[in-house]
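Take a look at the structure set out below.
The values are calculated or read from the model by the stated rules, or taken from the named source; none is laboratory data. These numbers were taken from a predicted model, which means no experiment stands behind them. When the accessible area is computed, the model is the full protein with side chains, heavy atoms only, and any ligands, DNA or RNA have been set aside. Shrake-Rupley method; radii C 1.70, N 1.55, O 1.52, S 1.80 Å.
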Amino acid sequence: MRSLSVLIGLFFTVVSAHAAPDVAQILRTSAPSIVTVQAIQWVKIKVPEQYKGVTQDPVYQVFSRIFSDADAPAVTSNAAPVIKKKSSGSGFIIAPNGVIVTNYQTVVGANEIYVQLSDKRRLKATLVRSEPKRDLSILKVAAGNLSALTPATDVTDGEWVIAVGANRAGASSGTIVNSQAGSLMSDVDISSANTGGPLLNTEGEFLAMNSSLLKAATGLTRHVLVSKLVSTQDLKTTLPQSWQKLGFTAINVTEATQQQQGLPDATGALVKSV
């Protein structure tokens, strides 16, 4: 009887050791570190010859002021109207100081890049550098104490993994097929929903980044090894200090101005508007 009890105990120990991973828990834990990346490209509209003067039309001017923003290029009488072409994808935070990786295909040619965090904050991002052949771009946002994913220290063939995008979209599981010679291939389905997001192990650590462009033979997918491509310098990147622009109009202080303002001893300039 004692031997039977030992065998039963050993059986349950083996079963529990190989129990299926808690996918829902992995997705919950990693969600704060996976972001939505929005790229905006300024595209000039080709205006037919008979509408060349549209930018000077009063109605156009009114709607242009309503729907334009400070980042858009100024429209002059001879310039073509500009629209904003938007595209989006996933990315994930790899350092608490705001370093983020995403697909190069998402941000290529962008004039503006924004990152939306899981808490709905929308931050303007700066492109640090790109690796086009590996479909990798590194971004930086001006924020600190962000929730960053932890890189995995090792990977083995046959290991169970899951790919996921922002907002837990496109979750797809599979196994590592080949992890030799600094490359990583899996049988995980990579789609537009999870491209740019992380490839996670059962501990919620990231092994690589997903790319819908890096397909391999026989239906397999090659993954971008972030740890091999991101340098220490990338992780320490600091953004240049930016200054807000302040415009104003002013006039010289004259005797008439002194009398109007009730300031007989005033000299210099008077700011009329800001």
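Some notes on this structure:
- Under 5 Å from the amide H of LEU136 lie the amide H atoms of TYR104, GLU131, each residue being 5 or more positions distant or on a separate chain, with H modelled from the backbone and absent for Pro and chain starts.
- Applying the Karplus relation 6.51 cos²θ - 1.76 cosθ + 1.60 with θ = phi - 60° to the range 185-195 yields 3J(HN,Hα) values of 10, 9, 9, 6, 6, 10, 10, 5, 7, 10, 5 Hz, where x marks Gly and Pro.
- Accessible carbon and sulfur surface of the range 98-146 relative to its total accessible area, %, 1.4 Å: 45 percent
- 3J(HN,Hα) from dihedral phi, the range 209-225, Karplus parametrisation 6.51/-1.76/1.60, rounded to Hz, x for glycine, proline: 10, 8, 9, 6, 8, 8, 7, 10, 5, 6, x, 8, 10, 8, 10, 7, 7
- The length gained on full extension between THR257 and ALA169, counted as 0.36 nm times the residue separation minus their Cα-Cα distance, comes to 25.2 nm.
- Vicinal HN-Hα couplings computed from phi for the range 169-175 (Karplus, 6.51 cos²θ - 1.76 cosθ + 1.60; Hz; Gly/Pro x): 7, x, 4, 9, 10, x, 9
- When the convex hull of its Cα atoms is viewed from all sides, the range 76-214 shows a mean projected area of 9.9 nm².
- A cut-off of 5 Å between modelled amide H atoms, ignoring neighbours fewer than 5 places along the same chain, links ASN210 with GLY196, GLY197, LEU199.
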